[in-house]
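The values are calculated or read from the model by the stated rules, or taken from the named source; none is laboratory data. No experiment lies behind these values; they were computed from the predicted model shown. Counting neighbours? That spans all protein chains shown, and the Cβs are built from the backbone with ideal geometry, glycine included. Side chains are part of the model used for accessible areas, which takes the heavy atoms of the whole protein and leaves out ligands, DNA and RNA. Shrake-Rupley method; radii C 1.70, N 1.55, O 1.52, S 1.80 Å.
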Amino acid sequence: MANFIKKQLKRTKIIAGMGNTLIGGFAAAKRIGAFKEPPRDVLPKYIQTFCRKMTRAFGVEVVQVKPVPQTHGLWVSNHISWLDIPVVGSVAPVFFLSKAEIGEWFIFGRLARAGGTLFIKRGSGDADGVARQIADFLRGGSSVVFFPEATTTDGKHIKKIHGKLLQASMDTGLPICPVVIAYVNADGTLSDDCAYYDKRTMAESLRRVADSDGVKAYVLPLTPLSPKDKTRTELTEMLQQTMEEGLAELHRQVLKA
């Protein structure tokens, strides 16, 4: 009974924290006029603050293994969970990608629009069309992050990298800025509860994260990749190797044997 009450109290605290973070996000967006026209030059610092508060609401501490450079470019990350979005957003100066329909959602849609999210237009779901939209976004001075594995994993390895969206880096000449993430329990083991993969539902994933304790999200920035004089295949292979080696190095640093 005591454990049940403890879990319920923690879940209530998380819901309250999420609510306060959303309210704070709306207040900040209104204060800087983001609902009228997102001020992309100043938004990244507000997005980072919002994402930092959201991860804290879930009891997850974000740790930069090395300082994450605030570089303008095409950012990529390994993909473990829906938590990856606030984790990456808390440390990198990035805007996010989203389907256009989400922009019509009453609460999250309004906040996503105010946060300068890049909404992928209907009918341009092909990778080449999306890459062109990202390139236009990058030329406007806004960095974008995406997950090149195209699906979530258990966090133990990097799946096959899909490199078509790297065309945006080639078209703009801006660097590819990779980071890798590891969710680690208080005992130094890799957190399975924070991973959202296989047949887990969102409700189950939320419960697992809410009921976990002492999880840290370690973020390791990797060496940026220049697209100069590279084919898309070469860039994809370089990114695959960079992220595989980077994740292995991150695990060596933060996991206990």
- prompt: For SER169, all conditions in the list (1) hydroxyl-bearing (Ser, Thr, Tyr); (2) open to solvent by less than 70 Å² (accessible area, probe 1.4 Å); (3) within 19 Å of ASP84 (Cβ to Cβ) hold save one; what is the number of the exception?
  reply: (3)
field: Listing of strands (runs of 3 or more DSSP E) fully contained in the stretch 32-134 that carry 3 or more residues being closer than 30 Å to LYS216 by Cβ
entry: 61-64, 74-77
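Being among the aliphatic types (A, V, I, L, M) and closer than 21 Å to ALA28 by Cβ is the filter here; which residues of the stretch 61-103 pass it? Working first, answer last.
Initially, the stretch 61-103 is screened for residues among the aliphatic types (A, V, I, L, M), giving 62-63, 65, 68, 74, 76, 80, 83, 85, 87-88, 91-92, 94, 97, 100, 102.
Within the stretch 61-103, VAL62, ILE85, VAL87, VAL88, VAL91, ALA92, VAL94, ILE102 meet the criteria.
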statement: Of the residues in the stretch 1-50 that are basic (Lys, Arg) and under 22 Å from VAL209 (Cα atoms), the one that is farthest from the chain's Cα centre (by Cα) is LYS6
query: Mind checking which residues of the stretch 246-257 are in contact (Cβ under 8 Å) with a residue 12 or more places away in the chain and exposed (fewer than 14 other Cβ atoms within 10 Å of the Cβ)?
result: GLN253, LYS256
Among the candidates THR151, THR172, residue that is polar (S, T, N, Q) and within 16 Å of HIS79 (Cα to Cα): THR151
- prompt: Can you tell me which residue in the stretch 195-217 is modelled with the highest pLDDT, limited to those that are out of contact with any helix residue (DSSP H, G or I) (no Cβ under 9 Å at 6 or more places or on another chain) and of a type in the set (Lys, Arg)?
  reply: ARG208
message: If I filter the stretch 173-226 down to residues being part of a loop (DSSP other than H, G, I, E, B) and small (Gly, Ala, Ser), which single residue comes out as surrounded by the most Cβ atoms within 10 Å (Cβ to Cβ)?
response: SER191
Selection within the stretch 227-237 - charged (D, E, K, R) and either more than 30 Å from HIS72 (Cα to Cα) or not in a loop (DSSP other than H, G, I, E, B) (or both): ARG232, GLU234, GLU237
- request: Of all residues in the stretch 238-257, count the ones that are touching a Gly at 6+ places or on another chain (Cβ under 8 Å) and either of a type in the set (D, E, K, R) or assigned to a loop (DSSP other than H, G, I, E, B) (or both).
  value: 2
message: Let me confirm something: among VAL94, VAL63, which residue is under 30 Å from THR242 (Cβ atoms), in contact with a helix residue (DSSP H, G or I) (Cβ under 7 Å, 6 or more places away or on another chain) and open to solvent by less than 50 Å² (accessible area, probe 1.4 Å)?
response: VAL94
query: Which residues, taken from the stretch 16-75, are over 25 Å from GLU249 (Cα atoms) and among the β-branched types (Val, Ile, Thr)?
result: THR21, ILE23, ILE32, VAL42, ILE47, THR49
